[in-house]
Amino acid sequence: MKLTNTTHKLSPIYFAEYQSMNFKDADETKFILNAKKLNKLLKDVSDKYDILEIGNKRVLNFSNEYFDTEDYKLYMAYHNGKGNRYLIKNSKSESDKKKYLEIKFHSNKGAVSKKKKKAKAGNISNQKSKVFITENTPYKPEALKISLKNQYSRIVLIHKQNKEKVTIDLDLTCSNEKHL
């Protein structure tokens, strides 16, 4: 999707300033819209929001590798809306070239906590990753495998006055263990 002209009409916010902001307890609301409406929306909000810019890029590329058990316990807990569930993934951002092993815990009270550490993509068999998973989840690292990979581009908007972040994900592609 070509959004370069539209995204360059927004004022930039740079990574150092963005990192100092705390969005950990943010509420999430999700919408789906087409490219034409997205372009109009970006133009309409350009005076109210800044856009995250990293390395002269405003549309940032990401990829994830999600881990699950053979019988998809983590996915099924998510699908069924269970509380006290985990998400285990490797995440990578093209902008900072770093890879992280990330664990999210969704409590039955609606709270979400996230822990992450530097990692190698596709690899949870090294000792540090095994310890990290064992200490932060009830799952055995040996019982986990890559179940899904995805790639997408993201635009991050930050409201100029309110503590509000808007993430817009584009061009999502997924593959599973049969088509990795």
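So the values come out like this:
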quantity: Residue among 31, 67 that alone is surrounded by 12 or more Cβ atoms within 10 Å (Cβ to Cβ) and out of contact with any Cys (no Cβ under 6 Å at 6 or more places or on another chain); calculated: 67
quantity: From 113, 153, residue being closer than 28 Å to residue 53 by Cα, touching a strand residue (DSSP E or B) at 6+ places or on another chain (Cβ under 9 Å) and loosely packed, with under 13 Cβ neighbours inside 10 Å; calculated: 113
quantity: Complete set of residues in the range 116-139 that are modelled with pLDDT of 95 or more, part of a loop (DSSP other than H, G, I, E, B) and surrounded by fewer than 13 Cβ atoms within 10 Å (Cβ to Cβ); calculated: 138
quantity: Verdict on residue 78 being out of contact with any Ser or Thr (no Cβ under 9 Å at 6 or more places or on another chain) and aromatic (Phe, Trp, Tyr); calculated: yes
quantity: Restricting the range 55-71 to residues that are under 25 Å from residue 128 (Cα atoms) and not in a loop (DSSP other than H, G, I, E, B), the residue that is farthest from the chain's Cα centre (by Cα); calculated: 68
quantity: Meets criteria (more than 15 Å from the chain's Cα centre (by Cα), in a helix (DSSP H, G or I), hydrophobic (A, V, I, L, M, F, W, C) and buried (at least 18 other Cβ atoms within 10 Å of the Cβ)) for residue 74; calculated: yes
quantity: Residues (touching a residue at least 60 places away in the same chain (Cβ under 8 Å), closer than 16 Å to residue 15 by Cα and β-branched (Val, Ile, Thr)) located in the range 154-174; calculated: 155, 156, 158, 166
quantity: Tabulated pairs, the range 39-54, first touching a residue at least 12 places away in the same chain (Cβ under 8 Å) and in a helix (DSSP H, G or I), second surrounded by 15 or more Cβ atoms within 10 Å (Cβ to Cβ) and not aliphatic (A, V, I, L, M), C-beta under 6 angstrom, 6+ apart or interchain; calculated: 39/6; 42/6
quantity: Residue within the range 77-92 that is β-branched (Val, Ile, Thr), out of contact with any Leu (no Cβ under 6 Å at 6 or more places or on another chain) and assigned to a strand (DSSP E or B) present; calculated: yes
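The values are calculated or read from the model by the stated rules, or taken from the named source; none is laboratory data. Note that this is a predicted model, so its numbers are computed, not measured. Every residue, glycine as well, gets a Cβ built from its backbone with ideal geometry; the counts of neighbours run over all protein chains shown.
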